[in-house]
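What follows is a single structure, written as structure tokens, with notes after it.
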Amino acid sequence: MGVAGEGGQGAVFVSVNRGKRSIGADLRDREMASLVFDLACQCDVLVESFRPGVMDRLGLGRGQLREAHPALIYCSVTGFGSDGPNVDLPAGDSTMQAYGGLMSIVGERDGDPLRVGNVVSDMLAGTNAFSGVLLALLSRKAGVPGRDVEVSLLDSIVAFQAPPLTEYLMTSTLPKRLGNEHPLISPSGSVQTSDGAITLTVFDHQWVDFCGSLGVSHIAKDARFASSAERQRHRDELRKELGPIFLTATREDWIVRLRAMDVLCAPINDYAQLLDDPQVRHNGLVSRIGTTQASYPSIRNPIRGFGETVQRAPPLVGEHTREVLHERCSVADERIEELIARGAAFAGRQA
């Protein structure tokens, strides 16, 4: 998926498969499925993301594996869950943002619903699966045998919206799209400066000082803007009052002035500006990993506190088929070549 870089791999594959080994297996082949079954029985955790029922048909279902390996943690990531009316439907973030309600609250006030520019439900489901697996590992250490962990894209994207969804449940009022503005705070959102856009959020206790710093103390006394509730009610009028003021200086000037007041603010960076940011560079968020044949950009794992880990480049598809089948499944080299020759296994190009 996406534009292929060095080694013929797309950015999605590169970003999520570093540090892994790859075997290529046609699981419809009974012998190959049996070998993967044996491999799973050597593992602490199995993660799968087929539609419900597929792993059972392949002979790799949780019940089948649990009988042979009671301590196995079996994690399933599905679109809609393990049962229900939508269980057989295909699912992906391109539709889940719409189905799961997120698009209804994203977009300009008078515009169409908008999709967030990155995959949301997929990334959330992966993070939730990671959390569930960790909890299962802790439970196993406490004496509980292998657990079944279930995560769905639908459950993940709904839980992600707990605050606005709970507000709807409490008020029966559907939230309105507000573009870049904070739903509970005004002034907030993006403003244009003389050379670009910034975003800001002015809390209630900062309002009077904020107006004074901008030289418009009279606005703070205006009845339309005297309280947080009134400022939210008169968002458009407030933006018209403040908009021309921000055009009088550069975004860097405004960032300095706003930060001096401890107002939440930031430049709206594109990726080039983001990667050139001093804090991003200080945090070492981007590096390169790979071999002499190909190297790839790598975005640092955000979890810290476990020391530096050795990063290994993402594998070519099937790069480790021979290695894993021989080392972990004790398959003779001749038999591995037979499996590859008949298409049951795939070895890909070697690095």
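For (1) closer than 30 Å to Leu178 by Cβ; (2) in contact with a strand residue (DSSP E or B) (Cβ under 6 Å, 6 or more places away or on another chain); (3) assigned to a loop (DSSP other than H, G, I, E, B), each residue gets a yes or a no:
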residue	(1), (2), (3)
Gly84	no, no, yes
Ala91	yes, no, yes
Gly117	yes, no, yes
Leu124	yes, no, no
Thr127	yes, no, no
Leu134	no, no, no
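Given the criteria modelled with pLDDT of 95 or more and under 30 Å from Arg177 (Cα atoms), does Leu154 qualify? Judged against the criteria, Leu154 is a match. Selection within the range 314-336: residues that are touching a strand residue (DSSP E or B) at 6+ places or on another chain (Cβ under 9 Å) and either assigned to a helix (DSSP H, G or I) or aromatic (Phe, Trp, Tyr) (or both). The member of this set that is surrounded by the fewest Cβ atoms within 10 Å (Cβ to Cβ) is Arg322.
The condition of being modelled with pLDDT of 90 or more and not in a strand (DSSP E or B) holds for only one of Gln311, Gln273, that being Gln273. In summary, Val12 fulfils each of the numbered conditions (1) touching a Pro at 6+ places or on another chain (Cβ under 9 Å); (2) closer than 30 Å to Ser287 by Cα; (3) not hydroxyl-bearing (Ser, Thr, Tyr) with the single exception of condition (1). Within this structure, Leu46 fails the test of being buried (at least 16 other Cβ atoms within 10 Å of the Cβ), assigned to a helix (DSSP H, G or I), of a type outside the set (Val, Ile, Thr) and modelled with pLDDT of 95 or more. Take the residues of the range 95-113 that are in contact (Cβ under 8 Å) with a residue 40 or more places away in the chain and not in a helix (DSSP H, G or I): which is surrounded by the most Cβ atoms within 10 Å (Cβ to Cβ)? Among residues in the range 95-113 that are in contact (Cβ under 8 Å) with a residue 40 or more places away in the chain and not in a helix (DSSP H, G or I), the one surrounded by the most Cβ atoms within 10 Å (Cβ to Cβ) is Gly100. In summary, Ala33 fulfils each of the numbered conditions (1) more than 29 Å from the chain's Cα centre (by Cα); (2) surrounded by fewer than 16 Cβ atoms within 10 Å (Cβ to Cβ); (3) more than 24 Å from Leu138 (Cα to Cα) with the single exception of condition (2).
Here is a yes/no grid of residues against (1) under 28 Å from Thr173 (Cα atoms); (2) touching a helix residue (DSSP H, G or I) at 6+ places or on another chain (Cβ under 6 Å); (3) hydrophobic (A, V, I, L, M, F, W, C):
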{"residue": "Gln42", "(1), (2), (3)": "no, no, no"}
{"residue": "Leu72", "(1), (2), (3)": "no, yes, yes"}
{"residue": "Val77", "(1), (2), (3)": "no, yes, yes"}
{"residue": "Leu89", "(1), (2), (3)": "no, no, yes"}
{"residue": "Met96", "(1), (2), (3)": "yes, yes, yes"}
{"residue": "Leu124", "(1), (2), (3)": "yes, yes, yes"}
{"residue": "Ser131", "(1), (2), (3)": "no, no, no"}
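Given the criteria modelled with pLDDT under 95, surrounded by fewer than 16 Cβ atoms within 10 Å (Cβ to Cβ) and not charged (D, E, K, R), does Gln192 qualify? No: the conditions fail for Gln192.
Scanning the range 1-37 for residues that are at positive phi and modelled with pLDDT of 95 or more turns up nothing. Within the range 53-94, the residues that satisfy the criterion of being touching a residue at least 12 places away in the same chain (Cβ under 8 Å), of a type in the set (A, V, I, L, M, F, W, C) and closer than 14 Å to Leu154 by Cα are Val77, Phe80, Val87, Ala91. Select from the range 224-259 the residues that are under 33 Å from the mean Cα position of the chain (by Cα) and among the hydrophobic types (A, V, I, L, M, F, W, C) and write down the one among them that is surrounded by the fewest Cβ atoms within 10 Å (Cβ to Cβ). So the residue we want is Val256.
The values are calculated or read from the model by the stated rules, or taken from the named source; none is laboratory data. Since we're looking at a predicted model, the values are computed, not measured. All Cβ positions, even for glycine, are placed from backbone atoms using ideal geometry, and neighbour counts span all protein chains on display.
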